[in-house]
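Read-outs: derived from the displayed coordinates by stated rules, not from any lab. All values reported here derive from a predicted model rather than from experimental measurement. Neighbour counts are summed over all protein chains in view; Cβ atoms, including those assigned to glycine, are modelled from backbone coordinates with ideal geometry.
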Amino acid sequence: MSRPAPTVLVLPGYQSSGPAHWQSLWQQRHPDYRRVEQADWENPVCADWVEALDAAVRGAGGPVVLAAHSLGCIAALHWASGHRDSVVADSVVADSVVGGSVVGALLVAPADVEWLEAPPSVKSFRPIPLAPLPFPTIVVASDDDLFADVDRVRQWAAAWGSRLVCLERAGHINADAGFGPWPEGEALLAQLMA
């Protein structure tokens, strides 16, 4: 028996994603995509962000694919490290999915919260979990991202067991870097949803 199409949960980073950001544009094109809202986008607290994500995953009522950006990626990692019961292995059928389960994640431009110059507001997200992730993941990084050195991201992706896609001169892979609709990113997300 095949499982139902996953719900896409959009996890923005610090200060959320503005209207020109690829995450917001994807949501406009796909009204069924759900944004994980945070109580405070300006003063993020890891435990609060993880709790909001957990509520969204459980509320989905079926399989979930995460589309995370920046600090949202780090929140997803912390959630995965503490919620391995909410993961569906490929061999588990849809009928056994209760309350929502993550089946994949697109992690775009994960932010290096361990960087010495990281703002104090993100320090509650330290340390970055480095255990293998229990679901398929694609990490997208840029060779000139100011918020994470690409060599660090390579090490993280290897530790997480993720497929890594490196972009050239793509900045933080956001609207400021010229990433509007970003169809290439949607194609990567589609691979995780298949």
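Before moving on, here are some points about what is shown:
- Between 0 and 90°, nearest 10: helix 71-82 axis offset from the chain longest Cα axis: 50 degrees
- Longest to shortest principal axis, alpha-carbon extents of the chain, angstrom: 47, 32, 31
- The value of relative contact order for the chain, using C-alpha pairs under 8 Å at least six residues apart, is 23 percent.
- Per residue of the chain, the DSSP helices (runs of n ≥ 4 H) give a summed -39500 (n - 2.57) that works out to -9000 deg cm²/dmol at 222 nm.
- Seen against the Cα atoms of the chain and their longest principal axis, helix 183-193 is set at about 40 degrees.
- Amide H contacts of Val108 (H built 1.01 Å from N, in plane; Pro and chain starts excluded): Ala68, His69, Ser70, Val140 sit under 5 Å, all sequence-distant by 5 or more or on other chains.
- Based on the reciprocal of the average 1/r between different C-alpha atoms, the Kirkwood radius for the stretch 94-194 equals 14.8 Å.
- Residue order, fewest to most beta carbons within 10 Å, for His69, His172, His30: His30, His172, His69
- Which of Ala177, Ala158, Pro132, positive extreme of dipole for the chain (C-beta unit charges): Pro132
- For the chain, the longest principal axis of the alpha carbon atoms and the long axis of helix 46-60 meet at an angle near 30°.
- In this Cβ point-charge picture (+1 for Lys and Arg, -1 for Asp and Glu), the stretch 7-193 has a dipole of about 320 debye about its Cα centre.
- A convex hull fitted around the alpha carbon atoms of the stretch 97-156 yields 107 Å³ per residue.
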